[in-house]
Amino acid sequence: MYLTTGYSWEAVEVNQAILRPVGKPEFTSDSTALGAGGVQILRFEAASPGRTALRLAYHRPWEKDVAPLKVFSVQVAVR
């Protein structure tokens, strides 16, 4: 198990009737050093046709009244 700074990406906006999260997020560390960066994979599957915003926040999930460090947003069209 690798310890990081606690930041991770989390889906904070998505219409799950159109685009559904699949499984748990996966993290692969770049190093065994504490706080090392890495790659996080979030998977989604098409649930039904339509359009939805997908908004991800890069934050520490336990910090409730703190703005995320980064936000990623995209419009997804499922046909």
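The values are calculated or read from the model by the stated rules, or taken from the named source; none is laboratory data. On a predicted model such as this, the values are computed, not experimentally measured, just so you know. Note: ideal-geometry Cβ built from the backbone for every residue, glycine included; neighbour counts use all protein chains shown.
Data for the structure
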| read-out | value |
| --- | --- |
| Residue, nearest to residue 6 (Cα to Cα), within segment 21-58, restricted to residues that are without any contact (Cβ under 8 Å) to a residue 24 or more places away in the chain and of a type in the set (Lys, Arg) | 24 |
| Top-ranked residue of segment 19-60 - restricted to ones that are surrounded by 13 or more Cβ atoms within 10 Å (Cβ to Cβ) and of a type in the set (S, T, N, Q), ranked as modelled with the lowest pLDDT | 29 |
